[in-house]
Amino acid sequence: VDKEHYQQTTESLQSDYSIVMPFLTKALLDNRKRYEREAGRYGEQELFAREPKARGYLRSRNGYRLFEQREELCRRLNNDVKANRAWLLESLEYPMPHLRAR
């Protein structure tokens with residue numbers, strides 16, 4: 001927040017993610033839509049030159065589709081757990097401080 005311009009017009013309040021996330025998500029999705037329209041109108045290269053942050057909004061969505069990769073990811077996880085079984089079991093045992101009865 002720019003303290004020079006927003007000293008009189010901002011409000012502070014306590015909040016949690018369940019309250020603010022819908023608004024943040026809507027704003028981010030609206031920005032993406034706007035940049036998609038502008039990229040269609042001017043082309044990506046010109047848009048990125050004018051608005052460098054548009055590149056982040058218009059990046060590929062493929063990386064976000066983890067559920068589509070679920071079976072392969074679960075298979076790899078299970079293989080890694082099997083390969084590291086001994087170490088994982090050892091890591092479950094750690095010294096506990098002795099508790100004195102009062």
Return one number: the angle in degrees, 0 to 90 and rounded to the nearest 10, between the long axis of the Cα atoms of helix 70-83 and the longest principal axis of the Cα atoms of the chain. 30
Averaging the inverse of every distinct alpha carbon separation and then flipping it gives the Kirkwood radius. What is it for region 45-96, in angstrom units? 15.1
Give me the base-10 log of I(q)/I(0) for region 16-59 at each q in 0.23, 0.24, 0.28 Å⁻¹, Debye formula, one uniform scatterer per Cα, rounded to two decimals. -0.71, -0.74, -0.90
Label points 7 Å out from Cα along the Cβ direction at Asn62 and Leu88: separation in nm? 3.0
Could you check the simple spin-label distance between Asp80 and Phe23, using points 7 Å along Cα→Cβ, in nm with one decimal? 3.8
Can you tally the net charge around Gln69? Count Lys and Arg as +1, Asp and Glu as -1, for every other residue whose Cβ sits under 13 Å from the Cβ of Gln69. +1
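The numbers here are math on the coordinates, done by the rules we state, and not lab data. Note that the structure is predicted; figures quoted are calculated from it, not measured. With ideal geometry, Cβ positions are generated from the backbone for all residues, glycine too; neighbour counts draw on all protein chains shown.
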